[in-house]
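Reading through the structure tokens given below for one structure.
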Amino acid sequence: MKNENVLYSVIEKEYPEVDYGEGMYIYDTKGKKYLDCAAGIAVVNIGHGVKEITDRMASQAQKVCFVYGGTFTSAPRRRLAEKIIAMAPKNMDKVFLCSGGSEAMESLIKIARQYQIEAGHDKKHKIISRWQSYHGNTIGTLAIGGRPSWREKYEEYFPKNISHISPCNCYRCPYGLKYGSCSIQCADELERVIKYEGADTVAAFIMEPITGTTSAAIVPPKEYMKKIKEICEKYQVLLCMDEVITGFGRTGKNFAVDHYDLQPDLIGFAKGLGSGYVPIGGVLVSKKIVDTIAKGSGSLTHSFTFSGNPMACAGAEAVLDYINDNNLVEQSDKMGRIFIEKLQRLNKYPVVGDIRGIGLLMGVEFVKDKETKEPLDFNFSAEIASYCFDKGIIITGGVQGSADGVNGDALQIAPPFIINEEEIDVIVKTVEEAIEFIMSRHGIKN
């Protein structure tokens, strides 16, 4: 396939061609079967090839596939928004729909700015986010993201009103402190930066409640989230959550903020809503923001051609019905507990520094030295992912920068919610085999 016309991200790589998917498995055109422990990339939460979803999409396609959202609404759009609100934190009031995670977070930024203007805070235009975060691949969302290797080629295009604070990572505390005696200094950094920037100029603080691939499933303590919320309220800064990965059950609750009894002002979402069956994302907007804009200009200065597309909404509505009818959020919680317990077997290896996560979003960080937490000087997780792929297991490796944004290496584990214990055992056993093989290849003693 060397002469084909697709521009792939790795230009000269030859990719296996997928034939079909069924449940936890992907099959390529050569007949090889792959156990999907990545859910695509934390997307296919309900599994592959669910007929109930494709039937609903086909039924909608026979009616209408597209209308412009600025002219018409549709029944799937209205029903989907209602179902999203029913799953969301209590203060959420309306849903803006788009086509994916990057669009969702770009939309969130614009909604935050319009709110501040209409609330009479015209000078509030700055955004604060965190290093070792990922919020999308547009210029705007790359700018708020904190993944240096993805930012560096495009920094000349970034707006100058974005700043970053250290992440909350108790395994690698940026202040060298220990949880329990640290006074959550990483949260206090937000207040310091708000003051440095000028509290009357900061519009929003944006974060992933549980981190995704850039730092692989770091779960902050409840005290951190509580303090962040208090700081935002003190300075009239909107608290905005990126739940593109974590929304709709990935962490064992509807949204990751539900673990913290937290009500943000805005929530961006995408992946799990469509479960890969349709491209869809959006923003949950709190009543405070909706009411302010409604009483002000009365209109949102933002839209996309495919916002609220009836085909996408019909597919996403079917996905939510399937999640709820099959208790898959509860299943995510149950299987996540089993999975992370079985992963503890990996602690016997000298290269395994940290095992973390919640629900079916987990990370395994690799180190050269357990005591010093010094990162490895090669991409151990990428080699694990390659070994597993050869054995018919898809898992997300190559998560670099987990230590400090530049150095560090972790494996992300995020399978569909339908995984069973037998499949977990196969995955853990294969990862063990991979670790032992790669350690041997690089002369690392056990």
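Calculate what fraction, in whole %, of the accessible area of the range 145-210 sits on carbon and sulfur atoms when a 1.4 Å probe is rolled over the protein chains. Could you put the intermediate results ahead of the total?
Numbers: 1660 of 3300 Å².
Carbon and sulfur: 50 percent of the exposed surface of the range 145-210.
Distance between the modelled labels on SER9 and LYS195, one decimal in nanometres: 4.0 nm (7 Å Cα→Cβ projection). In a simple Cβ point-charge model (Lys, Arg +1; Asp, Glu -1; nothing else charged), the range 361-435 has a dipole of about 140 debye relative to its Cα centre.
Determine, for each peptide in 261-274, 365-378, the mean count of other beta carbons within 10 angstrom over its residues, then list the peptides with the highest first.
Numbers: 261-274: 25.4, 365-378: 16.7.
Taking the mean over residues of other Cβ atoms within 10 Å, the ranking is 261-274, 365-378.
What whole-number value in Å² describes the accessible area per residue of the range 187-253 for a 1.4 Å probe?
Details: 1960 Å² over 67 residues.
Per-residue value: 29 Å².
Using a simple spin-label model with pseudo-atoms 7 Å out from Cα toward Cβ, GLU436 and ASP369 lie 2.8 nm apart.
Taking a probe of 1.4 Å, how large is the accessible area per residue of the range 343-435, in Å²?
On the way: 3260 Å² over 93 residues.
In whole numbers, the range 343-435 has 35 Å² accessible per residue.
With helices as the sole contributors, the chain gives -11000 deg cm²/dmol at 222 nm; each DSSP H run of n ≥ 4 counts as -39500 (n - 2.57), and the sum is divided by every residue. Toward the positive end of the charge dipole of the range 36-107, with +1 on the Cβ of Lys and Arg and -1 on the Cβ of Asp and Glu, the farthest Cα among ALA39, ALA58, SER99 is that of ALA58. Carbon and sulfur together cover what percent of the accessible area of the range 253-302 at a 1.4 Å probe radius? The C+S portion of the solvent-accessible surface of the range 253-302 is 49 percent.
Each residue, LYS334 and TRP150, gets one label point 7 Å from its Cα in the Cβ direction; the gap between the two is 3.3 nm. A full extension of the chain between TYR20 and ILE162 corresponds to an added length of 46.9 nm, given 0.36 nm per residue minus the alpha carbon distance. Carbon-plus-sulfur accessible fraction, the range 366-405 (probe radius 1.4 Å, protein heavy atoms only): 44%. Full extension of the chain between VAL67 and GLU341 gives 93.8 nm of extra length, using 0.36 nm per residue less the Cα-Cα distance.
Using R0 = 30 Å, the C-beta based FRET efficiency linking LYS51 and LYS391 works out to 0.55.
Within the set [x] 143; [y] 182; [z] 152, the number that volume of the Cα convex hull per residue in Å³ takes when calculated for this structure is listed as [z].
Under a 1.4 Å probe, what is the accessible area of the range 29-93 per residue, stated in Å²?
Numbers: 3570 Å² over 65 residues.
With all protein chains present, the range 29-93 gives 55 Å² per residue.
For the chain, the relative contact order is 22 percent, taking Cα pairs closer than 8 Å that sit 6 or more residues apart in sequence and dividing their mean separation by the residue count. Think of each Lys and Arg Cβ as +1 and each Asp and Glu Cβ as -1; about the Cα centre, that makes the dipole of the range 249-330 roughly 300 debye. Averaging the Cα positions of each part gives two centres, and for the range 240-285 and the range 300-353 these lie 9 Å apart.
Sequentially through the range 189-200, phi angles give Karplus couplings (6.51, -1.76, 1.60; θ = phi - 60°) of 4, 4, 4, 4, 5, 4, 5, 4, 6, x, 4, 7 Hz, Gly and Pro residues having no value and appearing as x. Taking 0.36 nm per residue of separation and subtracting the current Cα-Cα distance, fully stretching the chain between VAL426 and LYS178 would add 85.8 nm. The phi-based Karplus calculation (6.51 cos²θ - 1.76 cosθ + 1.60; θ = phi - 60°) puts the 3J(HN,Hα) values of the range 92-98 at 7, 10, 9, 10, 9, 9, 8 Hz, whole numbers, x for Gly and Pro.
Only the Cβ atoms of Lys and Arg (+1) and of Asp and Glu (-1) were treated as charged; on that basis the dipole of the chain about its Cα centre amounts to roughly 880 debye.
The values are calculated or read from the model by the stated rules, or taken from the named source; none is laboratory data. No experiment lies behind these values; they were computed from the predicted model shown. Virtual Cβ from ideal backbone geometry, glycine too; neighbours counted across all protein chains shown. The accessibility values were calculated without ligands, DNA or RNA, using every heavy atom of the protein model including side chains. Shrake-Rupley method; radii C 1.70, N 1.55, O 1.52, S 1.80 Å.
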